[in-house]
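Each remark here refers to the structure printed beneath this line.
The values are calculated or read from the model by the stated rules, or taken from the named source; none is laboratory data. Since we're looking at a predicted model, the values are computed, not measured. Cβ sites come from the backbone with ideal geometry, for glycine too, and all protein chains shown count toward neighbours.
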Amino acid sequence: MAQYSRVSGTVGLITLLNPPVNALSAAVRQGIVDTMDKALSDRKVKSVVICGHNGKFCGGADIREFSSPLTGPPLIPLIQGVESAAKPVVAAIEGVALGGGLELALGCHYRIAHSKARLGLPEVHLGLLPGAGGSQRLPRLIGVPAALDLITTGRHVTGAEALQLGLVDKVTDRNTVDEAVKFALSVADQPPNSRRVSTFPCPRHPDLDALFEGAMQRVRQRARGALAPVACVQAVRAAATLPYAQGMERERELMATLFTSGQARAQQYHFFAQRAVGRWSMPSGARWDTTKPGAVHKAMVIGLGTMGRGISVALVQAGVSVVAMETNEKQLMEAKQAISSMLERGAKRRGVAPALDKIGYSSNMEPAADVDLVIEAVFEDMALKKKVFQQLSALCKPGTFLCSNTSGLDIDQLASETRHPELVVGMHFFAPAHVMKLLEVVYGSRSSPQAVATAMELGKQMGKVSVAVGNCRGFVGNRMLKPYLEQAFFLLEEGTTPEFVDQVLEEFGFAMGVFRMSDLSGLDVGWRVRKADGLLNASEGHSARIRQGCRYSPLGDLLCEQGRFGQKTGRGWYQYDKPGGRVAKPDPWLHGFLEKFRTQHGLVARRIDHQEVLERCLYALMNEGFRILEDGIAAGPEDIDVIYVLGYSWPPHRGGPMFYAGMVGLQKVLERLEHYHQEHPDIPSLKPCNLLRNLVVNGSPPVHKWREFLKKPQSQL
């Protein structure tokens, strides 16, 4: 709804009321229409201010309404009505003006914003474009290049940046509504005819064709198959080349195509999934809404390699005081410099002072006695981590939470080294830790609900999307990654090349294929893990391609024995111009190595097509996801999908692996897995799991219904 009042004698004040962000629900839209009618018919009112309740202007459309028939006034004519008003209308932008909220503000004649308000058109992240005139008004107001940037990326700008762009008329650090009322009084006698953005001509550009060709090229490369960014460019081009009415018609056509697409459904599912994972629960029955997190004012980070540095920065930027600890003096000095630089760069981007006073450094663990929480980020070695936890348990005060930034080691083993195992959880960050949004919070068998709640809340404070998962080898993300990588290796053995596998996966939408990703992260990382797990038995040699009764590919191990660790050595699955080089080039040596390997093991190369690469890699990964759900490691498919989109570059326009399984059809996934398992009975990851079979037997319910099946014993389904 919207509330109407008259202030300062002649200003009609319209307040949007729909907590928490005053989304444009049917009731709010009707309220705007009704209150605008009141303001325009009130003879005492000379100008109008539109604001939002509780310090937030408007967060945009109510996405929950997208799946139902439209009720209430449509947004496009509503905004047109605001713009065509005979009295000046001022938008008082506090908090947020996003999506439809910013489009409403663009329909106003003036815009006053708080300097720290966030403005943007993020519809592209929902598989859509700004469909209420935003793609047509914004280029007319701020120019085509700036509008293309904001609309195709969906990025937010502060009020201060919005002023520089010409998006708002004034910024303030005072009460925005009060300033907007004063401004409305000052323009009350000025007819708004010249302030209607839809009547503005688009600012001229010397070479529109080149501008849009370049924009389309960049967008296609970045979008990796997503439709919405491409449609955004097309809509802005309509604004630049067509009269407003025709541009609006083009916007409507493009929006209609996107709105009903599978990609929009996938991205909207991901939007809600990110919110769903915050409502975590544990097998014990503990829940997010019944467990109070502990307070974390001061934290310690142990180990200042790449991950430790990023974690330290993320904590400081969240307002937590940090002691960063590293025993190696040289690395400690390097870390000080690197962390200071990261904090300064981050502060500059956000327009604030760097909080350098929030971090101190130590070469020993003694400061752990005075912190609320410790995050251990030492080398991924169980013996080393156990030693650290033993020391922490002796040093820390009672109630200190102990967290490990492990990517897959057993949390229960670490907890067993402490006097208070209930205070131990995993906090698996993703590199770079101060940038990546995902945080896997891992609870062990003895982790307390409060420890989980504390880690989840701290992740949220750091701007992360935190996902609570159970304890197993690799947790969720890396456990699923294992069969995905294995299938890629097996496909090389059977006849394809790293370039072809990567090409197929990148065309699907991954930022990087399996082998380019391996070269980037370092082949030696997995090699060390396999050696620690006892998978490599030197007495067997590499002729034994079976490990623990299952097919095993030694290709990665053989490359590591040659010193080919990826980008860091200039050679891996690809070749690079120099160690540390970034441009991956096909390597004739590698092709010869694969041919020799096949000959040695009696393997006859065969033609492998796109379909087989996708199905074997992705369906094996999905199958492991079903097993994770079956084992109760993840509470629902949303947890898995959020982890894969935010942490493993699964394309957002495909929703996530579990959502995508539903889009493909569970019956088809089951049939293709059965087919490949019959062809390769020595690969257990291709054997369809029971949960997948049971879902198919029960009619392949949509993904949001799967939780109902997870609550029942599989034998009852």
On the given criteria, is G154 within 28 Å of V230 (Cβ to Cβ) and crowded, with 18+ Cβ neighbours inside 10 Å?
-> yes
For L392, indicate whether it is assigned to a helix (DSSP H, G or I), without any contact (Cβ under 8 Å) to a residue 12 or more places away in the chain and not small (G, A, S).
-> no
Restrict the check to segment 233-241 and report whether at least one residue is closer than 30 Å to V465 by Cβ, under 23 Å from the mean Cα position of the chain (by Cα) and of a type in the set (A, V, I, L, M).
-> yes
Would you mention how many residues in segment 382-410 are surrounded by 14 or more Cβ atoms within 10 Å (Cβ to Cβ) and either among the charged types (D, E, K, R) or touching a Pro at 6+ places or on another chain (Cβ under 7 Å) (or both)?
-> 3
Determine, yes or no, whether T406 is within 29 Å of the chain's Cα centre (by Cα) and under 26 Å from N364 (Cβ atoms).
-> yes
Flagged in segment 8-29 as farther than 21 Å from V96 by Cα, at pLDDT 95 or above and surrounded by fewer than 23 Cβ atoms within 10 Å (Cβ to Cβ), in numbering order, are T10
Residue pairs within 9 Å by beta carbon, gap of at least six or interchain, first lying in segment 642-664 and among the small types (G, A, S) and at pLDDT below 95, second surrounded by fewer than 24 Cβ atoms within 10 Å (Cβ to Cβ) and outside any helix (DSSP H, G or I), listed first then second, are S649/G509; S649/F510; S649/A511; S649/M512
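To keep it simple, each residue is scored yes or no on (1) buried (at least 19 other Cβ atoms within 10 Å of the Cβ); (2) in the same structural domain as R446 (by TED's automatic domain parsing); (3) modelled with pLDDT under 95.
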| residue | (1), (2), (3) |
| --- | --- |
| S281 | no, no, yes |
| S284 | no, no, yes |
| R287 | no, no, yes |
| I302 | yes, yes, no |
| G319 | no, yes, no |
| K336 | no, yes, no |
Within the set of pairs 6+ apart or on separate chains, which have a first residue in segment 702-715 that is within 19 Å of Y269 (Cα to Cα), a second that is assigned to a loop (DSSP other than H, G, I, E, B) and at pLDDT 85 or above, and C-beta atoms under 7 Å apart?
-> W706/G636; R707/G636
Residue list for segment 503-534, filter: on the phi > 0 side of the Ramachandran plot and under 20 Å from the mean Cα position of the chain (by Cα) = G509
Which is touching a helix residue (DSSP H, G or I) at 6+ places or on another chain (Cβ under 6 Å), in a loop (DSSP other than H, G, I, E, B) and either at pLDDT 95 or above or within 30 Å of V425 (Cα to Cα) (or both), of S445, S466?
-> S445
Residue among L686, L710 that alone is of a type in the set (A, V, I, L, M) and either in contact with a Phe, Trp or Tyr (Cβ under 7 Å, 6 or more places away or on another chain) or in the same structural domain as L439 (by TED's automatic domain parsing) (or both) | L686
Of all residues in segment 558-608, count the ones that are among the β-branched types (V, I, T) and within 16 Å of D519 (Cβ to Cβ).
-> 2
Would you please name the residue that is nearest to E329 (Cα to Cα), looking only at residues in segment 351-362 that are surrounded by 12 or more Cβ atoms within 10 Å (Cβ to Cβ) and at pLDDT below 95?
-> L356
Any idea which of A347, A368 is assigned to a helix (DSSP H, G or I) and at pLDDT 95 or above?
-> A368
Inter-residue pairs, beta-carbon under 6 Å, first at positive phi and surrounded by fewer than 21 Cβ atoms within 10 Å (Cβ to Cβ) and in segment 75-95, second at pLDDT 95 or above and among the β-branched types (V, I, T), 6+ apart = none
Checking S68 against (1) at pLDDT 95 or above; (2) within 30 Å of the chain's Cα centre (by Cα); (3) more than 22 Å from M248 (Cβ to Cβ), the condition it does not meet | (1)
A careful count of residues in segment 661-709 that are under 28 Å from the mean Cα position of the chain (by Cα), crowded, with 21+ Cβ neighbours inside 10 Å and under 20 Å from L491 (Cβ atoms) gives 2
Where R279 falls short, out of the listed (1) assigned to a loop (DSSP other than H, G, I, E, B); (2) touching a residue at least 12 places away in the same chain (Cβ under 8 Å) | (2)
Return yes when V124 is surrounded by fewer than 24 Cβ atoms within 10 Å (Cβ to Cβ) and either without any contact (Cβ under 8 Å) to a residue 24 or more places away in the chain or closer than 30 Å to R224 by Cα (or both) and no when it is not.
-> no
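A quick yes/no check of all residues on (1) over 28 Å from T15 (Cβ atoms); (2) of a type in the set (S, T, N, Q); (3) crowded, with 17+ Cβ neighbours inside 10 Å; (4) within 27 Å of the chain's Cα centre (by Cα):
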| residue | (1), (2), (3), (4) |
| --- | --- |
| G134 | no, no, yes, yes |
| L138 | no, no, yes, yes |
| L148 | yes, no, yes, yes |
| L163 | no, no, yes, no |
| V181 | no, no, yes, no |
Is it true that some residue in segment 209-218 is in contact with a Lys or Arg (Cβ under 6 Å, 6 or more places away or on another chain) and either in contact (Cβ under 8 Å) with a residue 12 or more places away in the chain or buried (at least 20 other Cβ atoms within 10 Å of the Cβ) (or both)?
-> yes
Filtered residue count, segment 305-327, keeping only those that are touching a Leu at 6+ places or on another chain (Cβ under 7 Å), touching a residue at least 40 places away in the same chain (Cβ under 8 Å) and in a loop (DSSP other than H, G, I, E, B) = 0
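Residue-wise test of (1) touching a strand residue (DSSP E or B) at 6+ places or on another chain (Cβ under 7 Å); (2) not acidic (D, E).
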| position | (1), (2) |
| --- | --- |
| R582 | no, yes |
| D587 | yes, no |
| G592 | no, yes |
| E595 | no, no |
| R598 | no, yes |
| G602 | no, yes |
| R606 | no, yes |
| H610 | no, yes |
What are the pairs, 6+ residues apart or on separate chains, where a residue within segment 35-48 that is small (G, A, S) has its Cβ under 8 Å from a residue that is in a loop (DSSP other than H, G, I, E, B)?
-> A39/V45; A39/K87; S47/T10; S47/K87; S47/P88; S47/V187; S47/A188
